[in-house]
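Notes for the one structure printed next.
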Amino acid sequence: VDVSGYGNSADGRLEFLDDLYGLLTISQSVIFVRNASEAEEVRGTLAECGYTCAIIHDDTEGIRRDATLESYRNNEIAVLIATDALKREDIDNG
């Protein structure tokens, strides 16, 4: 994939994600972002494209966080968008 035409702006990164997901068959993925507002922007873009998405960030409360992780583990969510609040062991099934 030639990424040179996308630039480093938020719009360019979102366009790249949209194009990448259109090219590949991806059953599940985790996308790390810098902050909650960026997570919302990515979620909105991918949801418009038909992907089931959820967000975990520092302000996500315990019960909601656990429910989101459980949904991801049960393949109910295709794209989990997270800040550095998510740890590898949160999503590691093995």
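At a glance:
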| item | result |
| --- | --- |
| Residues of region 47-66 classified as surrounded by 12 or more Cβ atoms within 10 Å (Cβ to Cβ), of a type in the set (A, V, I, L, M, F, W, C) and part of a helix (DSSP H, G or I), total | 1 |
| Members of region 70-80 found to be in a helix (DSSP H, G or I) and either surrounded by fewer than 18 Cβ atoms within 10 Å (Cβ to Cβ) or of a type in the set (Asp, Glu) (or both), listed by number | Glu70, Ser71, Arg73 |
| Of all residues making up region 81-94, the number that are open to solvent by 50 Å² or more (accessible area, probe 1.4 Å) and either assigned to a helix (DSSP H, G or I) or in contact with a Gly (Cβ under 6 Å, 6 or more places away or on another chain) (or both) | 2 |
| Criterion (touching a helix residue (DSSP H, G or I) at 6+ places or on another chain (Cβ under 7 Å) and of a type in the set (A, V, I, L, M, F, W, C)) met by exactly one of Ala85, Ala54 | Ala54 |
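One line per residue, one yes/no per condition, for (1) closer than 20 Å to Thr83 by Cβ; (2) touching a strand residue (DSSP E or B) at 6+ places or on another chain (Cβ under 7 Å); (3) open to solvent by 80 Å² or more (accessible area, probe 1.4 Å); (4) at pLDDT 80 or above:
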residue: Asn8; (1), (2), (3), (4): yes, no, yes, no
residue: Gly12; (1), (2), (3), (4): no, no, no, yes
residue: Asp18; (1), (2), (3), (4): no, no, no, no
residue: Tyr21; (1), (2), (3), (4): no, no, no, no
residue: Gln28; (1), (2), (3), (4): yes, no, no, yes
residue: Ile31; (1), (2), (3), (4): yes, yes, no, yes
residue: Glu38; (1), (2), (3), (4): yes, no, no, yes
residue: Val42; (1), (2), (3), (4): yes, yes, no, yes
residue: Thr45; (1), (2), (3), (4): yes, no, no, yes
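The values are calculated or read from the model by the stated rules, or taken from the named source; none is laboratory data. Since the model is a prediction, treat every value here as computed from it, not as a measurement. Positions of Cβ are generated from backbone atoms using ideal geometry, with glycine treated the same way; all protein chains shown enter the neighbour counts. SASA here: full protein model, heavy atoms, side chains in, ligands and nucleic acids out. Shrake-Rupley method; radii C 1.70, N 1.55, O 1.52, S 1.80 Å.
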